[in-house]
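Reading through the structure tokens given below for one structure.
The values are calculated or read from the model by the stated rules, or taken from the named source; none is laboratory data. No experiment lies behind these values; they were computed from the predicted model shown. Cβ sites come from the backbone with ideal geometry, for glycine too, and all protein chains shown count toward neighbours. With ligands, DNA and RNA removed, areas are computed over all heavy atoms of the protein, side chains included. Shrake-Rupley method; radii C 1.70, N 1.55, O 1.52, S 1.80 Å.
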Amino acid sequence: MTRTTDAPPAPPPRPRRRRRTSLLAATALLAGAVGTGALTQGSATAAEPGCSVDYTVQNEWNNGFTAQVTLTNTGDPVNSWDLEWEFAGGEQVTQGWSAQVSQSGTTVTASNASWNGSLATGGSASFGFNAGSAGSTSVPDEFRMNGVLCDADGQDPDDPDDPDDPDDPGDPDDPPGDRVDNPYAGAQLYVNPDWSAAAQQGGAPSSVYNQPTAVWLDSIGAITGGSAGSNTMGLQDHLDEALAQGADAIQIVTYNLPGRDCAALASNGELGPEEIGRYKNDFIDPINEIVSDPKYADLRIINIVEVDSLPNLITNVGSSPTATPECDEMKANGNYVEGVGYNIGTLGDNDNVYSYIDIGHHGWIGWEDNFQPTADLLFEAANAAGATPQDVAGFAANTANYGATVEPYFDVTDTVNGQPIRANSSWVDWNNYVDELSFAQDFVSEAAVAAGFPEGLGAIIDTSRNGWGGPERPTGPGPTTGTADEYVDASRTDRRIHLGNWCNQAGAGLGERPTAEPEPYIDAYTWVKPPGESDGSSEEIPNDEGKGFDRMCDPTYGGNPQNQNNPSGALPDAPISGHWFQAQFEQLLANAYPPVE
Ligand code: BGC
């Protein structure tokens, strides 16, 4: 992408400690400074060398893995370092970052990058690598920094409560605070009492109002005082309440970028396009201060990052018919990329934070022209403002949108009378996907990896409002004797007038109830948009939240290039975005799929 301003060079990643993933059987911590009396490189005096290493396998798949290593210099300062270990099981390094990682025979050598060679006493450097393996990998049992052994039998003297410390009798073997591959797996998720009360009052049964939903931090004020509408609790209240519930994980949405919602008006925010400084100092930093309180260390904090922002820079800029001057500006000034990088990089210093970057949905990013460029832009953001790809747990699809998780009665490869529907149905219109599951799976396993992200990441799909049940739901495929349009329109469960419609959609229902690990590459089906909260007002309503009036929320609107000039399909009488919309909630209950019990 083009920037008109020069971004400062990315600072080296902050030191962090990653612990083993649930996939890894062996303990990863090798620590303890042991001086051997050898001379440190480049030193004229007899220096005390020493080092400790935290080696974590973050992701493992059939024939490879990603590891993250933090080297801490516990001896006298060094100006450069080489860290060496042996791979005994046939592992082969394929790619490293934040260090030059090379392998000769079974010996691996990681040499500092230009910016992380100097380590003061107590200073550390983190780097990572991908490696191929013959199916499993174990943690190397010896590391040498500049030829000096980092002893394997000690414990980190600064971290007496280290949960991976086998000598600490207070710690169970794999406590919930450990870094895991999928933060949803086996986790009890936090139920937001604000939303739950509204849902109960709105007529939902307990099978609905006891569901976990995400907490939206949609303004600086929301950090202390609750987000839009009937939400009252600040972030600390939520985290304390999560501990009280005995929850293992809480979902937050960080949603306050400068120039937010550049292609629409309904969720415009409080920060102007240039206010990246306030985003960092007054939004992300205070969130980080709360989140990093050690009392929350065992609570997994799932961070869904800046909905709709980066995808807007792919499709709604330049010569595209859907371009807006606001998106052109956010692309040119670089503040979406910078903000997302700062967000995940800063919060990623906490071992218990899992960030999922928004990827729009299949009806937006599913076209060939948008798919890989989105992954590439996300990778750029994951390397901006101090972030590294290791700060990314995965990707969030369909957030606050209505795309069906699975279209059971037709497929993008179907043909009607020998004609591919992909080319002949106006609903599909050359998209490569007709549902969210196939889109998200390919994004994780293909586009993200091609962009440079490690393999083994996951996606989450927002299923809060993509159920499409009720009397209009088809019960089987449409006829194959007529046109492609007739076939697709009779087969599809998604009853929207046009795939580009996004505001308070008539006919929608609650989708799959939140579920961990429902399908390969999918960390969870989850309710990110709290059902019952409006997407935007159906007419202009003055407010002090920065929210505008977008006519895509007006049922009398005839559309624009975003939806190829179709009616908006929005429900009437809607309040501004984030506020409770009872009529919509009742419809979501009535049209839920699977139905509500
Ligand atoms: C609104 C936010 C709200 C969120 C969840 C967004 O569309 O802009 O204010 O918190 O939806 O309802």
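Can you sort E338, E275 by 1.4 Å-probe accessible area, starting with the largest? Walk me through the intermediate numbers first.
Values: E338 20, E275 60 Å².
From most exposed to least exposed: E275, E338.
Just the number please: accessible area per residue for the chain, 1.4 Å probe, all protein chains included, in Å².
Details: 22190 Å² over 597 residues.
Per-residue accessible area for the chain comes out at 37 Å².
Given just the C-alpha atoms of the range 475-556, how large is their convex hull per residue in cubic angstrom?
Details: hull volume 13.2 nm³, N = 82.
Once divided by residue count, the hull of the range 475-556 is 161 Å³.
The convex hull defined by the C-alpha atoms of the range 357-471 has an orientation-averaged projected area of 8.1 nm². With the charge dipole of the chain set up from +1 on Lys and Arg Cβ and -1 on Asp and Glu Cβ about the Cα centre, the Cα lying farthest toward the positive end among the listed residues N543, G478, G229 is that of G478. Global size of the range 287-412: 16.0, 50 Å for Rg and Dmax (C-alpha atoms, Rg to one decimal, Dmax whole). Annotation: Y433 carries an accessible surface of approximately 20 Å², with a 1.4 Å probe and no ligand, DNA or RNA atoms counted. Accessible area of T415 (1.4 Å probe, protein heavy atoms only, ligands and nucleic acids ignored): about 80 Å².
The calculated FRET efficiency for D240 paired with Q582, based on their beta-carbon distance and R0 = 30 Å, is about 0.55. Among the cysteines of the chain, each one has another cysteine beta carbon less than 4.7 Å from its own.
Taking all C-alpha pairs of the range 330-397, those more than 18 Å from each other amount to 36 percent. Pairs of C-alpha atoms in the chain farther apart than 41 Å represent 26 percent of all such pairs.
Dividing the summed helix terms, -39500 (n - 2.57) for each DSSP H run of n ≥ 4, by the number of residues in the chain produces a 222 nm estimate of -5000 deg cm²/dmol to the nearest 500.
Put a plus charge on the Cβ of each Lys and Arg, a minus charge on the Cβ of each Asp and Glu, and nothing anywhere else: the dipole of the range 357-471 about its Cα centre is then about 220 debye.
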